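Remarks on the structure that follows.
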Amino acid sequence: MLILECPFCGIMADETELAPGGEAHVRRVGPEGSDEAFEAYLFMRRNPCGVHFELWRHAHGCGRWFIAARNTLTLEVYGTYPAQTDRPPAAIVRAIRRRVPGWEWQP
Amino acid sequence: MSLRLSSGGRLIERDRPLDFTFNGRRLRGLAGDSLASALLANGQMLVGRSFKYHRPRGVVASGVEEPNALVGLGRGGRFEPNRRATTVELFDGLEAVSQNHWPGLGFDLGALNDLAARFLPAGFYYKTFMAPRGAWEKLFEPLIRRAAGLGRAPEEPDPDGYEHFHVHVDVLVIGGGISGLQAALTAGRTGARVMLVEQGPHWGGRAPVEGVRLDGRPAAEWVDAALGELERMGNVHLRRRAMAVGVYDHGYALLHERVAAHTPGDGRPRHRLWKVRARRIITATGALERPLAFVGNDVPGVMLASAVRDYVVNWAVAPGRRTVVVTNNDDAYRSALVLREAGLEVPAIVDARPQADGPLVQRAREMGIRVVSGSAIAGVKGRRRVRGVRLCAHEGEGAVLEEIACDAVAMSGGWSPVVHLWSHCGGKLLWEEGQAHFRPDPQRPPTGADGAPLVFAAGNANGRMETAAALADGQVAAEAALKALGTGRERGGARAPLPAVAPEEVAPMLPVWLMPRKAGAKARMKMWLDFQNDVKVSDVELAAREGYESVEHTKRYTTLGMATDQGKLSNINGLAVLSEALGQPVPQTGTTTFRPPWAPVSFGAIAGEARGDLFQPVRETPIHRWHETHGAHWEPVGQWRRPYAYPRDGESLHDAVIREVRNARQAVGLLDASTLGKILVRGPDAGRFLDMIYTNMMSTLKPGRCRYGLICNENGFLIDDGVVVRLDKETFLCHTTTGGAERIHEHMERWLQTEWWDWRVFTADLTEQYAQIAVVGPKARALLERLGGMDVSRESLPFMEWRAGELAGFAVRVFRISFSGELSYEIAVPAGQGLALWERLVEEGAAFGIMPYGTEALHVMRAEKGFIMIGDETDGTVIPQDLGLGWAISKKKADYLGKRAHQRPHMTDPNRWKLVGLETLDGSVLPDGAYAAAEGVNENGQRKVQGRVTSSYFSPTLGRGIALGLVEHGPERMGEVLAFPATGGRIIRARIVSPVFYDKDGEKQNV
């Protein structure tokens, strides 16, 4: 039962207030994509043991989508930010690196 | 035989007798008794039968770890199965029954299994009941089901109340023993919000039983003083009878409080579930004593040594008059001393250690108790209760040296910290060689959202087994928790001095997993590891021999540590036996994963108030009350209630549906369509956005027009359909299915917010803002004209267009769309005017023979027209192309959601099942979901199929059964007859026809 901060409302939201949306920063593959690229887009997810980016919607709140950067093993939350971006903000990357030295963002 | 002693008993009130029954027998106990202590006080040693072999079983423990004494409690709706007699507080009129025997507890036919025990080893059900195939279903399974299983479920509704509480605290302290109390004091004194919970009815844990003295006074006095101080703190919340069930992510903890289980019918809720959000958690959950594995260690009368002294000290109950103590450690000597001080006989202390000479041993000797070191129990005499023990050398194979007559055995294999709650959320364990147990590894604790430690173990639960260390550890844990909170409070006050505790000198224990150490194979078949699940040393060794090296696999194969018990007593012993069999150290074997719940929780507590009318909210349309007063038969559609039909007096539902369909087809019908989803999509990029959401082109739709559209997900599967209306240049109103409104709104928002966030579009779900009424039938136009107002003629308002205007004084939007195939107007008004408009239509429609119709008539009429229904014709694997809806997929658009997926080989496979109509040859109605048989069988020996029924109704219009279905190459097979096997060996034959059964050219809706 996670607690995540909604970056729009600024409140700490209990998981029961939120709806999960799976892995974040997945790039859509459209009609021109190859079979391999489309398969990867549709089905392949990272499911890491460690740093992970997840989409969440403040379903019983403001209804907005945001992204949580968190550690699936330690349950540490590095931060949340609006989903209207294709990469984690620099502050989030710094927060992760402070805790996981040498960590690199991989699109 | 067990008995009540004439004096002592720190928890009982001798002047307050309580009457209760066990298996119908009237017995008497005392206020303060547990059910187990009251049964033992009445000489009731036999309390149940074991799970598999139905062996007679007695009380083993005194707390939540009790594996045997499971009883059914209460009667009728208040019946509760599988309650541990050791945790049930006695009350006047309590009714308990034993479980798992037939016909009776004393004489149990299932006990024949015991004679056949050598044919029922671990995993026997995986090996024995394999062939023939049919025998499993008809013979073995019913037999096993009757023989196995513990309690029975109650059969009547529970009359009691249950509730949920939510609370936020800084520190949750779990366990009300001295470590927990000290932790709560330490945290409470800083002003932090603290909650201290204890699963049992008493505070203080084991210290008062053990005769511990703090600052020279009995522990109970210190406990009372500590409670007094805590109660005076406004920031500390104390709860007894509140068991911590589990610890979850980010400091979420569940507590199960038995509020009024011991005072039934007093008006309070029976149980309460607490949902706690704690910033830090301290687990001061104590330790559990381990049994020893010797032959006959499951005979009633063999108990844990600590339980024996609990019964004597707390309830003045002795398990017998002559108790032999068997141990591998010093602690069990305390039981011998307690028994002796109570005036009972202890003929011998059997100590597996080659030498026994610690201070406790000395005291026992001084009291004249015989200590036999280096020895073991070769076997217990007696079947339904202990009659004696046979002694042998521990380092031998079990050659009997002597026999000692006794009627009880107190055993101790050492203590294991209760690490369950620590482990639930990822805390790791260390193997402590000296105590032969796992304890929390402080270097690898569960962590919280800030990455800092979340859970801190304290006292016995942290492997601090001596009083002084356990007490100090409560303080240490609290200080660490406060420090992790980062409030700076931990430096606030000076440390209050801890009470002085006399030092205890304890000699090392000797790990003993098998007694005697070289016991033979036959003996190992009579040494129980898991009493509740009837798992013996031989079973675990068999699992190891058969290759079950993982402890998780061994658990499932042997059932060691399964069911309601979860291995509270058996875990470490079983691991150690497995490790020895595998020839590896215990830490290498590891433990099974500890998962919530720590102990069983009632369904009532989980449900809380969510039952009956409060189970879930019911959504009502603005016209709901009218439907109710006009005899609607309701159909739940998601959380909505919609009228299924409006049967008249004496009319069957079926007849009502037929009447409603005929009336709509011949005169005029009225449908409450308010539940349809209505999503407003607005903005300069609205058209572009809907072109992505829908498979067809929406940007070209002209204001004033309507278009039927399909929505697919990125997998290409059809997820919703409905009519899109263009209100103006930048505004669309998207109708969705009743069940799809929220889902499709979320779908749109997700794409807008996470993919096309720079597009200038807003969406709003207006479903509940409007009432929508469909006026359907050849006389619909005449009715609207009678209402007066806007022009609804064919010329002014053609099919698939809409107009805003006024009808009978109501400001309305009128959509000329049809889901029935008839001339149809859907009229939308603000929700508050829905009922008034409906009543006006009914009133003015009387002259035209108007009748309301329900969802079933709607379904029949749409099926007669071959219109698909999301959830009937679609099931998450169907694409528009399967349903003959290829015309609604734009070929011009470069992209839409699902376009790439529609190009995948499986989606373009010509063998996909496609939509057709089905007409039974005999006019009967096909069963919904029936499969059309094909020739031959598949690789599993099952009949091959070539299609299935997706919708099936009796058509009043055609006077016969009609159906829609998906059939392999269906559209190319018109006229062919398929066979649908039905129940009872019947075969129904149906002809493949066009899915449009009625008005194929659509003339009626277009008039």
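The values are calculated or read from the model by the stated rules, or taken from the named source; none is laboratory data. Owing to the predicted nature of the structure, the values given are computational and were not obtained by experimental measurement. Neighbour counts are summed over all protein chains in view; Cβ atoms, including those assigned to glycine, are modelled from backbone coordinates with ideal geometry.
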Inset, instruction - Give the stretch B:842-856 a look and list any residue that's farther than 18 Å from B:Thr629 by Cα and buried (at least 23 other Cβ atoms within 10 Å of the Cβ), or say none. - result: B:Gly845
Inset, instruction - Might you let me know whether the stretch B:773-785 holds any residue that is without any contact (Cβ under 8 Å) to a residue 60 or more places away in the chain, within 14 Å of chain A (Cβ to nearest Cβ) and crowded, with 17+ Cβ neighbours inside 10 Å? - result: no
Inset, instruction - Those residues that are within 14 Å of another protein chain (Cβ to nearest Cβ) and touching a residue at least 24 places away in the same chain (Cβ under 8 Å), I need them from the stretch B:416-436; list them, please. - result: B:His424, B:Cys425, B:Gly427
Legend entry - Residue that is nearest to the chain's Cα centre (by Cα), among those in the stretch B:211-247 that are surrounded by fewer than 17 Cβ atoms within 10 Å (Cβ to Cβ) and closer than 23 Å to B:Thr86 by Cα: B:Arg240
Inset, instruction - Could you check how many residues of the stretch B:818-841 are surrounded by fewer than 18 Cβ atoms within 10 Å (Cβ to Cβ) and more than 48 Å from the chain's Cα centre (by Cα)? - result: 1
Legend entry - Test set (1) outside any strand (DSSP E or B); (2) buried (at least 21 other Cβ atoms within 10 Å of the Cβ) - B:Asp92 fails condition number: (2)
Inset, instruction - Specify which of the listed residues (B:Lys522, B:Lys518, B:Lys555) is of a type in the set (D, E, K, R) and under 21 Å from B:Phe438 (Cβ atoms). - result: B:Lys555
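Residues are listed down the side, and each one gets a yes or a no for (1) farther than 30 Å from B:Ser699 by Cβ; (2) assigned by TED's automatic domain parsing to the domain that holds B:Ile987; (3) out of contact with any Gly (no Cβ under 8 Å at 6 or more places or on another chain):
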{"position": "B:Gly871", "(1), (2), (3)": "no, no, no"}
{"position": "B:Gly876", "(1), (2), (3)": "no, no, yes"}
{"position": "B:Leu885", "(1), (2), (3)": "no, no, yes"}
{"position": "B:Ala888", "(1), (2), (3)": "no, no, no"}
{"position": "B:Leu897", "(1), (2), (3)": "no, no, yes"}
{"position": "B:Leu915", "(1), (2), (3)": "no, yes, no"}
{"position": "B:Leu921", "(1), (2), (3)": "yes, yes, yes"}
{"position": "B:Val937", "(1), (2), (3)": "yes, yes, yes"}
{"position": "B:Thr950", "(1), (2), (3)": "yes, yes, no"}
Legend entry - Test result for B:Leu885, surrounded by fewer than 23 Cβ atoms within 10 Å (Cβ to Cβ) and touching a Ser or Thr at 6+ places or on another chain (Cβ under 9 Å): yes
Legend entry - Matching residues, the stretch B:279-303, being within 14 Å of chain A (Cβ to nearest Cβ), buried (at least 24 other Cβ atoms within 10 Å of the Cβ) and out of contact with any Phe, Trp or Tyr (no Cβ under 8 Å at 6 or more places or on another chain): none
Legend entry - Options B:Arg439, B:Arg444: the member that is among the charged types (D, E, K, R), more than 14 Å from chain A (Cβ to nearest Cβ) and touching a residue at least 12 places away in the same chain (Cβ under 8 Å): B:Arg439
Inset, instruction - Hey, can you tell me all the residues within the stretch A:24-38 that are of a type outside the set (A, V, I, L, M, F, W, C), closer than 19 Å to A:Gln106 by Cα and either touching a His at 6+ places or on another chain (Cβ under 7 Å) or at the interface with chain B (Cβ under 9 Å from one of its Cβ atoms) (or both)? - result: A:Arg28
Inset, instruction - Can you work out which of the residues in the stretch B:786-817 that are of a type in the set (D, E, K, R) and in a loop (DSSP other than H, G, I, E, B) is nearest to the chain's Cα centre (by Cα)? - result: B:Arg816
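Search the stretch B:250-278 for residues being over 19 Å from the mean Cα position of the chain (by Cα), closer than 15 Å to B:Val169 by Cα and surrounded by 20 or more Cβ atoms within 10 Å (Cβ to Cβ), and hand back the single one that is nearest to the other protein chains (Cβ to nearest Cβ).
B:His250
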Inset, instruction - Identify the residue in the stretch B:447-485 that is within 14 Å of another protein chain (Cβ to nearest Cβ) and part of a strand (DSSP E or B) and, among all such residues, is nearest to B:Ala576 (Cα to Cα). - result: B:Val455
Legend entry - Filtered residues of the stretch A:47-72 (kept if in a loop (DSSP other than H, G, I, E, B), among the small types (Gly, Ala, Ser) and touching a residue at least 24 places away in the same chain (Cβ under 8 Å)): A:Gly50, A:Ala59, A:Gly61
Inset, instruction - Please work out which residue is surrounded by the most Cβ atoms within 10 Å (Cβ to Cβ), limiting yourself to the stretch A:67-107 and to residues that are more than 13 Å from chain B (Cβ to nearest Cβ) and β-branched (Val, Ile, Thr). - result: A:Ile92
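Please verify whether A:Leu18 is at the interface with another protein chain (Cβ under 10 Å from one of its Cβ atoms) and in contact with a strand residue (DSSP E or B) (Cβ under 9 Å, 6 or more places away or on another chain), treating the condition exactly as stated. Full working, then the answer.
On the way: at the interface with another protein chain (Cβ under 10 Å from one of its Cβ atoms): no; in contact with a strand residue (DSSP E or B) (Cβ under 9 Å, 6 or more places away or on another chain): yes.
The answer is no for A:Leu18.
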Inset, instruction - Consider only pairs whose beta carbons are under 7 Å apart and that are at least six residues apart or on different chains; among these, list those whose first residue lies in the stretch B:230-249 and is away from chain A (no Cβ under 14 Å) and closer than 23 Å to B:Phe594 by Cβ and whose second residue is in a strand (DSSP E or B) and aromatic (Phe, Trp, Tyr). - result: B:Ala242/B:Trp274
Legend entry - 2 or more residues of a type in the set (Asp, Glu): qualifying strands (runs of 3 or more DSSP E) within the stretch B:1-86: B:13-22
Inset, instruction - Mind telling me which of the residues A:Arg64, A:Arg57 ends up being within 8 Å of another protein chain (Cβ to nearest Cβ), at pLDDT 95 or above, surrounded by 20 or more Cβ atoms within 10 Å (Cβ to Cβ) and more than 20 Å from B:Tyr248 (Cβ to Cβ)? - result: A:Arg57
Inset, instruction - Count, please, the residues in the stretch B:973-986 that happen to be within 46 Å of the chain's Cα centre (by Cα) and in contact (Cβ under 8 Å) with a residue 40 or more places away in the chain. - result: 6
Legend entry - Flag for A:Gly22 being loosely packed, with under 15 Cβ neighbours inside 10 Å and within 10 Å of the chain's Cα centre (by Cα): yes
Inset, instruction - For B:Glu635, state whether it is in contact (Cβ under 8 Å) with a residue 60 or more places away in the chain, part of a strand (DSSP E or B) and acidic (Asp, Glu). - result: yes
Inset, instruction - Report yes if B:Phe91 is among the aromatic types (Phe, Trp, Tyr), within 24 Å of B:Val313 (Cβ to Cβ), modelled with pLDDT of 95 or more and in contact with a Lys or Arg (Cβ under 9 Å, 6 or more places away or on another chain), otherwise no. - result: no
Inset, instruction - Please tell me if B:Met697 is among the hydrophobic types (A, V, I, L, M, F, W, C) and surrounded by fewer than 20 Cβ atoms within 10 Å (Cβ to Cβ). - result: yes
Inset, instruction - Look through the stretch B:742-759, keep the residues that are at the interface with chain A (Cβ under 7 Å from one of its Cβ atoms) and over 33 Å from the mean Cα position of the chain (by Cα), and return whichever of them is surrounded by the most Cβ atoms within 10 Å (Cβ to Cβ). - result: B:Thr754
